[in-house]
Structure formats: structure tokens, C-alpha cells
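S.K.: Sharing a structure here in C-alpha cells format.
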Amino acid sequence: MNRILAVVAVVCLLATVAVGLVYAGGHSPGALDSAVANGVAGLGRTTFDVLVLPTEPYVLLPAIAVTAGICAYRRRRPDAALAIAAPAVAVGLNTWVLKPLFDRWKDGILVYPSGHTVSLVTVLAVLVLLARPKALTVVLGVLLLCCAAIGMIGLGYHYLTDIVGGTFFGTAVVTGLRSVTPRRVPAPSAG
């Protein structure tokens, strides 16, 4: 399982870089970005505000705390550490390394990869790895991400390609960390 997660991490990281290189240094949307923005434009500000809520810190931080708390209560310390570390590492790297590296701008703000998306996807990816049933968690996570994407595009926060890059990067961080994290803490020695 660790090898599969490591491969997923590498593929997602390469995808983040590939998409980022296409738009690096840019200040305008691509054709797909414009088409999607035009497609969602008529939904209205209130709808966009509601759709973007799952990306907000006041939603994500309690979700992280509850996930880590449940894992700690169940004595699944590596899972609790993943729930806390993955979003922190992903957001930190995205903010301080990737955004300046790719240098993509929108309205005077660095936007690639989307920090909103990185935050949301890291939390969702942790839940997918830890929760059961996995299929239901994946479906709900994808639905939540799609809704949030519509909200971010509609509010003008990000281009679609920023969201795609953020999705790949958030997934890369979680699967990469999980691939090197022990699943169980060994029992203390009796001797």
C-alpha cells in the first residue's frame, strides 16, 4: 500500500508541476478557464458564497481538530498526526514555495496552485484515507470539491486550472506523507 501511495504522490506532484508550467508567470485565464467562468457566471453571489464555505479556515480547522481528536481517542496516533500535519505542510509549501515559484497572478494575487483548494483537498484526502466507507467518502469529497470550485470561480478567487493544480498538490502531500507514516505504533516492550 505504501508503494501505491508513493506513486500517487509522485504522479500528482508531476501533474501539479506540468499544469503550473503551462501557466507560470501568467496574468490571464486560459481558454478552458474562461469557458468555465462564463458557464458559472449566472449563479449569483449568494450561491457562490455558500459553495465556497468548505474552503474557509473556520470550517476546515474544526474538521481537522475533530478528525485528529477521534484518531487520538482511538489511539491511532499516526493518523492523528497525519490529520494535523498534512494540511499544515501542504498550505505552508503552497504559500511559501509553489505560489512564488509558478508566479501566476489574478487581480494582484498569486493564485497557482489554489490555496483554498489545497486546504480543502488535504482535509478531504485525509478523510478518504481514514474513514469508512471509502467509496461514500470519495463521492462526498468530490461533490464538495466541485461545489467549492464553482464558488471559487464564481467569486473570482481562482481560475479552474488553479483549482486543478491545488487538487493535485493537496493529494500529493497527503499520499506522500501517508506513504512514509507508520500505520500502527508498536506496543511498548514488556522488558
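S.K.: Which of the residues that make up segment 143-156 are at negative phi and open to solvent by less than 40 Å² (accessible area, probe 1.4 Å)?
M.R.: Leu145, Ala148, Ala149, Gly151, Met152, Ile153, Gly154, Leu155
S.K.: Can you report the number of residues in segment 157-191 which are more than 18 Å from Val10 (Cβ to Cβ), modelled with pLDDT of 95 or more and either surrounded by fewer than 24 Cβ atoms within 10 Å (Cβ to Cβ) or hydrophobic (A, V, I, L, M, F, W, C) (or both)?
M.R.: 4
S.K.: Here are some conditions: (1) without any contact (Cβ under 8 Å) to a residue 24 or more places away in the chain; (2) open to solvent by 70 Å² or more (accessible area, probe 1.4 Å); (3) more than 18 Å from the chain's Cα centre (by Cα). Tyr58 meets all but one. Which one does it not meet?
M.R.: Tyr58 satisfies every listed condition except (3).
S.K.: Test Ala80 against the criterion of being buried (at least 18 other Cβ atoms within 10 Å of the Cβ), touching a Cys at 6+ places or on another chain (Cβ under 6 Å) and at pLDDT 95 or above, and give yes or no.
M.R.: Here the answer is yes, as Ala80 does meet what is asked.
S.K.: Answer yes or no as to whether Val10 is without any contact (Cβ under 8 Å) to a residue 24 or more places away in the chain, open to solvent by 40 Å² or more (accessible area, probe 1.4 Å) and under 16 Å from the mean Cα position of the chain (by Cα). Outline the logic, then answer.
M.R.: On the way: without any contact (Cβ under 8 Å) to a residue 24 or more places away in the chain: no; open to solvent by 40 Å² or more (accessible area, probe 1.4 Å): yes; under 16 Å from the mean Cα position of the chain (by Cα): yes.
Taking the combined requirement at face value, the residue does not satisfy it.
S.K.: Something else: Given the residues Gly170, Gly92, Gly141, Gly115, which is the only one that is under 21 Å from Pro62 (Cα atoms), of a type outside the set (Lys, Arg), without any contact (Cβ under 8 Å) to a residue 60 or more places away in the chain and in contact with a Ser or Thr (Cβ under 9 Å, 6 or more places away or on another chain)?
M.R.: Criteria check complete, one pass: Gly115.
The values are calculated or read from the model by the stated rules, or taken from the named source; none is laboratory data. It should be emphasised that the depicted structure is a prediction, and the values quoted were computed from it without experimental measurement. Note that we place each Cβ from the backbone using ideal geometry, even for glycine, and neighbour counts take in every protein chain shown. Please note that ligands, DNA and RNA were not included when accessible areas were found on the heavy atoms of the full protein model with its side chains. Shrake-Rupley method; radii C 1.70, N 1.55, O 1.52, S 1.80 Å.
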